[in-house]
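Below is one structure, written out as structure tokens; the observations come after it.
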Amino acid sequence: MADGNILMGVVGRPHGVRGLVRVHSYTAEPADLPRYAPLTDERGRVWSVVWRAEGVAELRDAAGRVVADRSEAEKLVNLRLFAPRDRLPPVDDDDEFYLADLIGLAAVDVAGADMGRVVAVHDYGAGSSLEIVAGPGPQSVFVPFTRAAVPSVDVGAGRIVVALPDEVEVAGDVSERVA
């Protein structure tokens with residue numbers, strides 16, 4: 001999450017010769033991506049998505065100009081599309097949250113000792129993991145985001161409880177690295 005924006009989709013490879021592209025939507029229902037328009041990219045450019053087939057879309061810029069041909073579409077591969085966090089629907093209850101809401105939360109161990117703050121949520125395909133940084137140094141601890149490793153998430157209170165698995169080794173005492 002950068003500047004309160006949430007990654008909603010990524011432009012994939014071109015589809016055909018008329019400027020259509022494959023779009024990987026990260027919304028609960030992929031077809032809902034256009035509801036969050038206007039979407040922005042990392043450079044601040046504004047885009048809208050118009051579905052033409054399942055997973056295939058036409059992209060339009062802020063002026064409504066359509067990406068017209070394959071060579072123009074090729075330049076947009078891996079374009080990341082963001083929407084402001086406040087445009088996402090509210091969660092239904094206290095047990096639900098967006099992964100982006102975890103960033104910035106305090107992390108404590110099961111005994112209540114400070115471990116640092118969640119600085120990122122990563123997902124490389126095998127499940128999400130949380131990156132926790134303690135203090136000003138570059139030292140990070142990566143924790144699998146599972147019920148066993150993170151038994152408690154309280155977004156309202158601004159903290160998570162972490163039960164480090166035996167497989168995770170932290171060099172030195174975590175509390176020594178907290179500023």
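The values are calculated or read from the model by the stated rules, or taken from the named source; none is laboratory data. Please read these numbers as outputs of a predicted model, since none were measured by experiment. Positions of Cβ are generated from backbone atoms using ideal geometry, with glycine treated the same way; all protein chains shown enter the neighbour counts.
Summary of values
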item: Among the candidates Ser71, Ser25, residue that is of a type in the set (Ser, Thr, Tyr), within 21 Å of Asp123 (Cβ to Cβ) and modelled with pLDDT of 95 or more; result: Ser25
item: In segment 63-86, residue nearest to Val11 (Cα to Cα) [restricted to those that are touching a Pro at 6+ places or on another chain (Cβ under 7 Å) and surrounded by fewer than 19 Cβ atoms within 10 Å (Cβ to Cβ)]; result: Glu74
item: Residue satisfying all of: in segment 120-140; of a type in the set (A, V, I, L, M, F, W, C) and in contact with a helix residue (DSSP H, G or I) (Cβ under 7 Å, 6 or more places away or on another chain); surrounded by the most Cβ atoms within 10 Å (Cβ to Cβ) among these; result: Leu130
item: Of all residues making up segment 53-66, the number that are within 17 Å of Ser25 (Cβ to Cβ) and either under 24 Å from the mean Cα position of the chain (by Cα) or not small (Gly, Ala, Ser) (or both); result: 7
item: Residue within segment 149-161 that is surrounded by 18 or more Cβ atoms within 10 Å (Cβ to Cβ) and at pLDDT below 90 present; result: no
item: Qualifying residue in segment 95-102 (condition: of a type in the set (Gly, Ala, Ser) and at pLDDT 90 or above); result: no
item: Residue among Ser140, Ser129 that alone is in contact with a His (Cβ under 6 Å, 6 or more places away or on another chain) and either more than 19 Å from Asp41 (Cα to Cα) or outside the structural domain of Gly44 (by TED's automatic domain parsing) (or both); result: Ser129
